[in-house]
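Asker: Okay, handing you the structure first.
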Amino acid sequence: MNINIYGSTGVIGKKTLKLISKYFPNIKINLLVANKNYKTLINQIKHFNPRYVYLNDPSKIKFIKEIVKYYKIKILYTDELNYYLKNSKSDLSILAISGYKSLNFLDQIIKNTDNLGILSKEAIVSAGHLFKKNNYFKKTNIFPLDSEHFSIFDQINKLDYQKNIMNIIITASGGPFYKRKFSSLKKIKFNQAIKHPKWKMGYKNSIDSATLVNKCLEVIEAHYLFDIPYSKIDIKIHPEALVHSIINYKNFGCK
C-alpha cells in the first residue's frame with residue numbers, strides 16, 4: 001500500500017506518520033505535502049524516505065535538495081504536483097491541510113486516490129455542494145477522520161440511516177470558557193483561548209473551539225457528509241468529552 005499525506009508537518013500529519021511508523025511499517029510513503037515547515041519536512045524525508053515531496057515555499061527547495069541529495073526522492077514544484085496527481089494513483093490519501101488551502105488540489109486528489117481520509121472540515125464546509133455536484137463520494141471512498149464524524153460514519157454505514165434515524169447529536173466540550181460570564185470574555189488573552197480543557201490542537205482549531213465556531217462547522221460538515229437535513233442535527237454541551245456523537249433512532253434506541 002502507498003499513501004499520500006497532505007499536511008505532513010501539521011499536528012495530524014505528524015500523528016499519522018507516527019502511527020504508520022509504529023504499527024504499519026509495510027505502508028510506503030509515496031508523497032508528503034507541506035506548507036512552510038521545511039525543517040520538519042527534512043526530518044520526515046530522512047525517516048520515511050518518500051518517493052515524492054512538495055513544499056509550498058519555492059525559496060527553500062534548493063536548500064532541501066542539498067540536504068537530502070543522497071536520498072532517492074523527487075521534489076515537486078506546483079506544476080509538477082498537478083501533473084503527478086493527474087497521472088498517478090495512490091491507495092490512500094490523508095487530507096490534513098487546515099483552512100481553505102485544502103481545496104487547492106482537491107479535484108485532482110479525488111481522481112488520484114482510491115481512499116481518502118479527510119480531516120479538513122473547511123474543505124467539506126466550503127465545498128460540500130461540489131462534493132455532491134461532482135459525485136466525489138462515488139469516485140472514491142471518503143472517510144471522515146474527525147472524531148465526531150468518524151463515530152457517526154462508523155454507525156450509519158451499518159443501517160439505512162435515511163429511514164431509521166430520528167436525529168444526530170454532536171457533542172461539544174464547551175471550550176475553555178464554558179460557564180464564564182459574557183462580560184468576562186472582554187479580557188480574554190490569546191494564550192487562554194488556545195488552552196483547550198481536553199485536547200491539544202493547533203491554534204486555529206483551538207480558537208474555533210473556544211468560540212464554538214468549530215461546532216457550527218461540524219454541523220455543516222455532517223450535513224454534507226451524510227446527506228442529513230440540518231433539522232436532524234443537534235449540538236449538546238458535554239464537558240467530560242467522553243462521547244463524541246449520539247444517534248437517536250426512530251425506534252427510540254440510540255448509539
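Asker: Tell me which residues come under 5 Å, amide H to amide H, from residue 143 once H is placed; ignore anything under 5 positions away on its chain.
Answerer: Sorted by chain and number, the residues that satisfy this are 116, 117, 118.
Asker: With labels modelled as points extended 7 Å from the Cα through the Cβ direction, what inter-label distance (nm, one decimal) is found for residue 111 paired with residue 238?
Answerer: With each label placed 7 Å out from Cα toward Cβ, I get 4.0 nm.
Asker: Just to be sure I understand, if you calculate semi-axes √(5λ) of the Cα gyration tensor in Å for this structure, which of (1) 35, 31, 18; (2) 29, 24, 17; (3) 34, 24, 16 do you get?
Answerer: (3)
Asker: Oh, and also: Students often forget the sequence filter, so: which aspartates and glutamates lie under 19 Å Cα-Cα from residue 89 once same-chain residues fewer than 8 apart are removed?
Answerer: Cross-link targets: 79, 80, 107, 114.
Asker: Would you kindly state how much longer the chain becomes between residue 100 and residue 182 on full extension, computed as 0.36 nm times their sequence separation minus their alpha carbon distance, in nm to one decimal?
Answerer: Additional length available on full extension: 26.5 nm.
Asker: Suppose R0 equals 25 Å. What FRET efficiency, 1/(1 + (r/R0)^6) with r the Cβ-Cβ distance, do residue 47 and residue 26 give to the nearest 0.05?
Answerer: Here the calculated transfer efficiency is 0.95.
Asker: A follow-up question, please. Taking residue 198 as the anchor, which aspartates and glutamates have their alpha carbon closer than 16 Å to its alpha carbon, excluding any fewer than eight residues away along the same chain?
Answerer: Here the aspartates and glutamates satisfying the reach criterion relative to residue 198 are 146, 148, 208, 240.
Asker: Quick one: which of 22/121; 22/200; 22/195; 111/133; 101/215; 18/86 span more than 23 angstrom between C-alpha atoms?
Answerer: Cα-Cα > 23 Å for 22/121; 22/195; 18/86; rest within.
Asker: I've got another one for you. So how far apart, in nm, are the two label points at residue 138 and residue 40 if each is 7 Å from Cα heading toward Cβ?
Answerer: That separation, rounded to one decimal, is 3.8 nm.
Asker: Per DSSP H run of at least 4 residues, take -39500 (n - 2.57); add these up for the chain, divide by its residues and hand me the 222 nm value, nearest 500 deg cm²/dmol.
Answerer: Result for the chain, helices only: -11500 deg cm²/dmol.
Asker: Based on the Cβ-Cβ distance from residue 77 to residue 251, what FRET efficiency comes out when R0 is 45 Å, to the nearest 0.05?
Answerer: 0.20
No value in this document is a laboratory result; all are computed from the given coordinates. Keep in mind the model is a prediction, meaning the values are calculated, not measured. Here Cβ is always computed from backbone atoms with ideal geometry, including for glycine, and neighbour counts include all displayed protein chains.
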